[in-house]
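These notes concern the structure reproduced below.
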């Protein structure tokens with residue numbers, strides 16, 4: 001009997017979450033779109049997914065950095081569909097201003113740690129019991145290039161610390177939940193920024209990027225295809241993995257020097 005899988009994608013009204021939603025919806029998966037303040041964008045994406053793929057789409061507002069709201073997201077999806085099979089932790093705040101650790105305020109530090117690391121604890125704590133009950137689950141976290149090596153990142157100390165912590169959390173969860181048929185993996189996008197996050201591979205295939213070894217810019221769909229692969233039924237032997245999507249470009253080397 002075919003199981004109608006469901007996926008909750010946090011922070012998916014904009015950015016990388018848009019293409020992830022498209023990729024999973026194209027596979028017949030029911031999509032729960034989480035957003036914090038982008039209600040109009042979330043509604044527009046819902047209409048696109050429903051009209052293009054004929055799939056069920058649920059909009060769930062909420063802030064993943066707040067324990068009660070994170071738990072409510074899972075409860076809302078399970079109440080609607082009776083299950084939650086895939087959890088994509090796409091949401092994660094980022095401070096664009098270049099500043100050293102000593103210049104961070106308490107609020108800024110807490111926003112980075114809570115939004116990128118503690119939020120994973122809050123929402124996984126709510127989702128894993130549901131997945132255990134069904135003896136099946138896929139959890140995908142999002143990191144950054146080289147996160148698995150705990151690199152120094154000039155002017156991005158709080159964000160980097162949170163994401164590096166998330167690497168260990170991802171791998172720890174993969175060990176703890178393997179016996180329940182739940183896999184936990186991380187994807188680390190490289191230099192995929194701005195509008196490219198919501199672009200398809202076809203839209204950027206003819207764009208030349210001399211700084212990227214593969215010759216073109218990265219797109220949101222590059223990340224989404226990796227997410228889709230890790231969420232497949234037959235990907236059950238892949239867990240605790242950290243997969244980089246960079247096109248061979250070593251952008252972090254420049255960031256580490258403050259460029």
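Take each peptide in 118-126, 92-100, count the other Cβ atoms within 10 Å of every residue, and average; sorted highest first, the result is 118-126, 92-100.
The value obtained for the range 6-256, namely the Cα convex hull volume divided by the number of residues, is 121 Å³ per residue.
Below 8 Å, C-alpha to C-alpha, sequence gap of six or more: please give me the relative contact order for the range 1-88 in percent.
Values: 146 pairs, mean separation 29.4, N = 88.
Taking the mean separation of contacting Cα pairs over the length of the range 1-88, I get 33 percent.
Normalised by the residues of the range 195-257, what does the relative contact order come to in percent, with Cα pairs under 8 Å and at least six apart? Spell out each step's value before the answer.
Details: 54 pairs, mean separation 20.1, N = 63.
32 percent.
The overall shape of the range 95-220 is oblate: from the C-alpha gyration tensor, with semi-axes ordered a ≥ b ≥ c, the ratio a/c is 1.5 or greater and a/b is no larger than b/c. The overall shape of the range 180-226, judged from the alpha-carbon gyration tensor, is prolate: a/c is not under 1.5, and a/b is greater than b/c. Highest GNM mean-square fluctuation among 110, 51, 90, for the chain modelled with Cα contacts below 10 Å: 51. Under 10 Å, Cα contacts only: if you run a Gaussian network model on the chain, which one of 219, 65, 235 comes out with the highest mean-square fluctuation? Ranking 219, 65, 235 by mean-square fluctuation puts 235 first. Return one number: the angle in degrees, 0 to 90 and rounded to the nearest 10, between the long axis of the Cα atoms of helix 16-25 and the longest principal axis of the Cα atoms of the chain. Orientation of helix 16-25: about 30 degrees from the principal axis. The distance separating the Cα centre of the range 189-258 from that of the range 56-116 comes to 22 Å. Angle of helix 67-81 to the longest C-alpha principal axis of the chain, folded into 0 to 90 degrees and rounded to 10: 40°.
Counting only alpha carbon atoms, the long axis of helix 157-177 and the longest principal axis of the chain meet at about 40°. When the chain is treated as a GNM with alpha-carbon contacts under 10 Å, the residue of 221, 198, 48 showing the greatest mean-square fluctuation is 48.
Among 193, 31, sorting on how many other beta-carbon atoms sit within 10 Å of each Cβ, with the fewest leading, yields 193, 31.
In the chain, the DSSP-assigned H stretches of four residues or longer account for a calculated mean residue ellipticity at 222 nm of -12500 deg cm²/dmol, using -39500 (n - 2.57) per stretch and the full residue count as denominator.
Every number here is computed from the coordinates shown, using simple stated rules; none is lab data. Please read all numbers here as calculations on a predicted model, not as lab measurements. Positions of Cβ are backbone-derived with ideal geometry, glycine not excepted, and every protein chain shown enters the neighbour counts.
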